[in-house]
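The values are calculated or read from the model by the stated rules, or taken from the named source; none is laboratory data. Source: prediction; values computed, not measured. Positions of Cβ are generated from backbone atoms using ideal geometry, with glycine treated the same way; all protein chains shown enter the neighbour counts.
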Amino acid sequence: MATPRPARAARVLLPTLLAALLAAGCSTTIAGTPSPDPAPPPTEGVGADPVAWGDQVCGALLSYYRPLTARPDYEGADLPGIKDRLAGYLGEVRGGIDAGSQQLTDAGASPVSGGDQFKASISDLLNRTGTTIDEARAEVDQADPNDVPGFQDRLTAAEEKLRTIGAAQGLEELGATPRLDKAVDAAPQCGELEELTAPA
C-alpha cells in the first residue's frame, strides 16, 4: 500500500486532536450557609478589596482559558502547517499559564476565608497543566511531516497527554465562604470566566 501523501494525510489526522482540550472546565459551586467571616481584611494592596482580589485571581485563570479556547484553524494546511499551527497554539497556552501564575503571585494573600485555598487550587491547576502542555509540545516538536505514520503517532501521543488536563482540586473542601462567594460574584473577570467555562 502506498504511503499517504502529506497533503492528504493532513486532512485525516486531526478529527479529535483538540476535542479533549475543552472537555474539562473549572466551574465550581461553593455551597454553604452564610456566617460571619473571621478573616481580618488587609488594609492595603489588592487584598484590601475582596472584589479586586477575586477579580485578579479569576483573571489568572482567564489568561489560561482564553488561549486554550482559541483552537487552531487547520484549513488548507499540509503536515508542516499543522505542526506549526499546533505548536504555536500550545505555545500560546503555555504563555497564558505563565502569565496567570504571575497574576496569582501579584494578587497576594486573600482578604477572606477560603480565598487562599481557592488560590492554591488554581495555582496547582496551572502548574499541572503547564507540565502537560510542555509534554504535548515536545511530542509535536518531534513530529516529522516526512514520516506520516510517525507523525500521526506523535500527534496521538500529544492528544493523550492533553486528555489528562483536569480542573482545580480541593475546592469541594472549602465549606461555607460567604465573603469569598460575594467577591467572586461581583468580580467582572469571574463573570467572564464563568461564561467561558459554562457547558455548551
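Residues checked against (1) of a type in the set (A, V, I, L, M); (2) over 19 Å from the mean Cα position of the chain (by Cα):
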site	(1), (2)
Asp84	no, yes
Leu90	yes, no
Gly96	no, no
Ala99	yes, no
Pro111	no, yes
Lys119	no, no
Asp147	no, yes
Phe151	no, yes
Thr156	no, yes
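Within region 154-200, if we keep just the residues that are loosely packed, with under 13 Cβ neighbours inside 10 Å and either of a type in the set (Lys, Arg) or out of contact with any helix residue (DSSP H, G or I) (no Cβ under 7 Å at 6 or more places or on another chain) (or both), the residue that is modelled with the highest pLDDT turns out to be Asp185.
Residue-by-condition table, conditions (1) assigned to a loop (DSSP other than H, G, I, E, B); (2) without any contact (Cβ under 8 Å) to a residue 12 or more places away in the chain; (3) not hydroxyl-bearing (Ser, Thr, Tyr):
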position	(1), (2), (3)
Leu86	no, no, yes
Tyr89	no, no, no
Gly150	no, yes, yes
Arg154	no, no, yes
Asp181	no, no, yes
Val184	no, no, yes
Gly191	no, yes, yes
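Taken over region 93-108, residues that are surrounded by fewer than 15 Cβ atoms within 10 Å (Cβ to Cβ) and over 18 Å from Arg128 (Cβ atoms) amount to 1. Can we say Val57 is modelled with pLDDT of 50 or more, within 19 Å of Ser121 (Cα to Cα) and surrounded by fewer than 20 Cβ atoms within 10 Å (Cβ to Cβ)? Answer is no for this residue. Can you tell me how many residues within region 115-148 are in a loop (DSSP other than H, G, I, E, B) and buried (at least 20 other Cβ atoms within 10 Å of the Cβ)? Residues flagged as in a loop (DSSP other than H, G, I, E, B) and buried (at least 20 other Cβ atoms within 10 Å of the Cβ) within region 115-148 amount to 1. In region 67-95, the residue that is nearest to Ala143 (Cα to Cα) out of those that are in contact with a Leu (Cβ under 9 Å, 6 or more places away or on another chain) and of a type in the set (D, E, K, R) is Lys83.
Is region 139-155 home to any residue that is of a type in the set (Val, Ile, Thr) and touching a Phe, Trp or Tyr at 6+ places or on another chain (Cβ under 8 Å)? Checked region 139-155: no residue is of a type in the set (Val, Ile, Thr) and touching a Phe, Trp or Tyr at 6+ places or on another chain (Cβ under 8 Å).
The rows are residues; the columns are (1) of a type outside the set (Val, Ile, Thr); (2) within 15 Å of Gly91 (Cα to Cα).
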position	(1), (2)
Leu125	yes, no
Glu135	yes, yes
Asn146	yes, no
Arg154	yes, no
Thr164	no, no
Pro178	yes, no
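Every test in (1) within 16 Å of Gly59 (Cα to Cα); (2) buried (at least 19 other Cβ atoms within 10 Å of the Cβ); (3) of a type in the set (A, V, I, L, M); (4) modelled with pLDDT under 90 is passed by Val112 save one, and that test is (1).
Can you find a residue in region 28-44 that is at pLDDT 90 or above and among the small types (Gly, Ala, Ser)? No, region 28-44 contains no residue that is at pLDDT 90 or above and among the small types (Gly, Ala, Ser). From the list Asp106, Asp134, Asp124, Asp78, the one residue that fits, being modelled with pLDDT of 95 or more, out of contact with any Lys or Arg (no Cβ under 6 Å at 6 or more places or on another chain) and not aromatic (Phe, Trp, Tyr), is Asp134.
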